[in-house]
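Engineer: Starting off with a structure, shown below.
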Amino acid sequence: MKLFNTLSRTVEDFVPNEEGVVKFYTCGPTVYHYAHIGNIRNYIGHDVLDKTFRYLGYDVSRCMNITDVGHLTSDGDSGEDKMEVARKREHKSAMEIAQFYTKAFFEDFEKVNCRVPDIVSPATSNIPMYIKIITKLLDDGFAYISGGNVYFDTSKLKDYYVLTNSKEDELVVGAREGVLEDSNKKNQADFVLWFTSSKFKNHELLWDSPWGKGYPGWHIECSGISIKFLGEKLDIHGGGVDNIFPHHTNEIAQSESYLGHKWCNYWFHNEHLIDEGGKMSKSKGGILTVSTLEDDGYDPLAFRFMCLNSHYRRQLLFTFDGLKQAQDTLFKLRNKIRSIDKDGDLLENEIQEYKIRFASELENDLNTSNALSVLYEVLKDNNLNGNSKLELVKDFDSVLSLNLTKENPKKKGVIKEEVNEEKRVDENFIQDKINARKSAKDNKDYQEADKIRDELLSLGIKLIDTKDGTIYEKI
Ligand code: AMP
Ligand code: ZN
């Protein structure tokens, strides 16, 4: 199996630590809102990898966390915990929010036929593990206490930026986002392992710790859960490309400092689903979810099919036209498969050859669109009898998971093809605010500039200052 490894930035042979066994960790959702279809694209990519490993005969242990505490609105340790934002927005407890959106997440996850990982664990269930790791990091000099919080000291590592090929200055999140630097940090890149209530007084979820009542940082959760459930040597760890820095960079720093050896050999990152406005992200209203697509008359698996038609390392532009086309093609495909006569004895040699070809496309860094082409060839092959074709369709569908032998679902709603006007207005509004903030900054009116930034943040819009100007993300 060949896979692109973000660590080496090359396509490599995948060789697990233990022959035939794969320990695979996926960063799970932050359950403060519905998962949008961009998030789901990422999980479809992980699902295809999981099923490909199984198809190739590996024994897979896959673990995924549920982030229900500690993920702040800025990945650079500033802003509020996203769960707190949701708690205030919806006037519910953090646990009620987590339960509601976890359930909604798995409903959508299953609608696109993603297999639930073998182990799913919420961040809040593993606090003693984080405390154990942080205690050792403090004892060994990799962490320090400042202003009541515990920070990881990135200056202790020679290769903190091992997972990225960008320069340090471009990456430091505080600098990138134009947010005030945390004066408790010794180095700008340091990150929080444990927050105490001194930082956010109204935080609902707090646990006792040797450093005072508080809560864990986002990064320590994935290290802790992965080490707890999959052991000290991980084969492969994945997420969306936005997780490369700082999340996965910080996971490597703290896990390897804690363990004293290399932790994970392969890093698997899925490119984003984008819309005309850029990277899709969770916003206050109008987010596209698998369930909203279904309500609009689409088969959720048409979205999966759309994802499989593109490579996981390419950005995918989402349009309703594209989805409609994907759905039409998928529906025709299913109709064609359902019209196959169940005749003839299985042609074992031909079947085997096709299976090898299908597997080799997946083994080639998950080339799902070529794997689909093998399926089309099977359907067109006049030398294959009906039973052999159906045997291959069933076999391929164990990875593709497109319900290829089932009937097309009845439409639930009327397909909308129009662009959402409300979203356009929204984008103009944000752009005006970005321009106003730039003018304020140009006039050295930093108070006004900060006011605009905070106003947008309170509306769920995070501004990110880059060297090419300000962009935004819906959080
Ligand atoms: P979150 O729920 O925000 O923690 O995100 C869950 C996963 O979705 C993370 O691994 C992100 O990297 C990934 N993700 C976020 N936005 C997108 C997007 N637009 N396209 C694909 N993946 C995304
Ligand atoms: Zn993670």
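Every number here is computed from the coordinates shown, using simple stated rules; none is lab data. These numbers come from a predicted model, not from an experiment. Because the Cβ atoms are built from the backbone with ideal geometry, glycine has one as well, and the counts that use them run over all protein chains shown.
Engineer: Order 300-306, 84-90, 256-262 from most to least packed using the mean count of other Cβ atoms within 10 Å.
Structural biologist: Top to bottom by mean Cβ count within 10 Å: 300-306, 84-90, 256-262.
Engineer: Using alpha carbon centroids, what distance separates the range 322-339 and the range 226-264, in Å?
Structural biologist: Using only Cα atoms to place each centre, the spacing works out to 40 Å.
Engineer: Let me ask something else about it. What does the charge add up to near Cys27, with Lys and Arg as +1, Asp and Glu as -1, over the other residues with Cβ less than 11 Å from its Cβ? List each step's numbers first, then the result.
Structural biologist: On the way: positive: none; negative: Glu221, Asp242, Glu251.
So the surrounding residues net to -3.
Engineer: Rounded to two decimals, what ratio of Rg to Rh does the chain give with C-alpha atoms and a Kirkwood Rh? Kindly include the intermediate steps, with their values, before the conclusion.
Structural biologist: Numbers: Rg = 23.6 Å, Rh = 23.9 Å.
Checking Rg against Rh, the ratio lands at 0.99.
Engineer: Which length gain, in nm to one decimal place, applies between Tyr446 and Arg357 when the Cα-Cα distance is subtracted from 0.36 nm times their residue separation?
Structural biologist: The span from Tyr446 to Arg357 would gain 26.0 nm if fully extended.
Engineer: Tilt of helix 421-442 relative to the longest C-alpha principal axis of the chain, in degrees (0 to 90, nearest 10)?
Structural biologist: 30
Engineer: List, in order, the whole-Hz ³J(HN,Hα) value for each residue of the range 44-56 obtained from phi through the Karplus relation with A = 6.51, B = -1.76, C = 1.60 and θ = phi - 60°; use x for Gly and Pro.
Structural biologist: Couplings: 5, x, 5, 5, 5, 5, 3, 6, 5, 4, 5, 4, 7 Hz.
Engineer: Among residues other than Phe396 whose Cβ falls under 13 Å from its Cβ, what is the net charge (Lys/Arg +1, Asp/Glu -1)? Can you show the working numbers first?
Structural biologist: Details: positive: Lys51, Lys355, Arg357, Lys389, Lys394; negative: Glu361, Glu377, Glu391, Asp395, Asp397.
Local charge sum for Phe396: 0.
Engineer: Distance cut-off 24 Å, Cα to Cα: go down the list Lys92/Lys132; Lys355/Lys380; Lys158/Lys213; Lys51/Lys111; Lys103/Lys233 and report the pairs above it.
Structural biologist: Where the Cα-Cα span goes over 24 Å, the pairs concerned are Lys92/Lys132; Lys158/Lys213; Lys103/Lys233.
Engineer: Let me ask you something else. Between helix 94-111 and the chain, what is the angle of the helix's C-alpha long axis to the longest principal axis, kept within 0 to 90° and rounded to the nearest 10?
Structural biologist: Tilt of helix 94-111: around 20 degrees.
Engineer: Would you calculate, for the chain, the mean residue ellipticity at 222 nm contributed by helices, counting each DSSP H stretch of 4 or more residues as -39,500 (n - 2.57) and dividing by all residues, to the nearest 500?
Structural biologist: Taken over the chain, the calculation gives -13500 deg cm²/dmol.
Engineer: Over the chain, what relative contact order in percent results from Cα pairs under 8 Å that are six or more residues apart?
Structural biologist: Normalised by residue count, the contact order of the chain is 18 percent.
Engineer: Please determine, in degrees from 0 to 90 and to the nearest 10, the orientation of helix 368-380 with respect to the longest principal axis defined by the Cα atoms of the chain, where the helix direction is its Cα long axis.
Structural biologist: Its long axis makes an angle of about 10 degrees.
Engineer: Dipole of the range 195-347, Cα-centred, from +1 at each Lys and Arg C-beta and -1 at each Asp and Glu C-beta, to the nearest 20 debye?
Structural biologist: 240
Engineer: If you don't mind, another one. In nm, what is the difference between 0.36 nm times the number of residues separating Phe429 and Tyr376 and their Cα-Cα distance?
Structural biologist: Using 0.36 nm per residue and subtracting the Cα-Cα distance, I get 14.5 nm.
Engineer: Using the Cα centre of the chain as origin and beta-carbon charges of +1 (Lys, Arg) and -1 (Asp, Glu), tell me which of Leu206, Cys264, Leu384 is placed farthest towards the positive end of the dipole.
Structural biologist: Farthest along the dipole direction, towards plus: Leu206.
Engineer: Provide the gained length on full extension for the span Asp208 to Leu56, in nm with one decimal, where the gain is 0.36 nm per separating residue minus the Cα-Cα distance.
Structural biologist: Once the chain is fully extended between Asp208 and Leu56, it gains 50.2 nm.
Engineer: Now for a separate question. Once you list every other residue whose beta carbon is under 10 Å from the beta carbon of Thr405, what net charge do they have if Lys and Arg are +1 and Asp and Glu are -1?
Structural biologist: Once positives and negatives cancel, what remains is +2.
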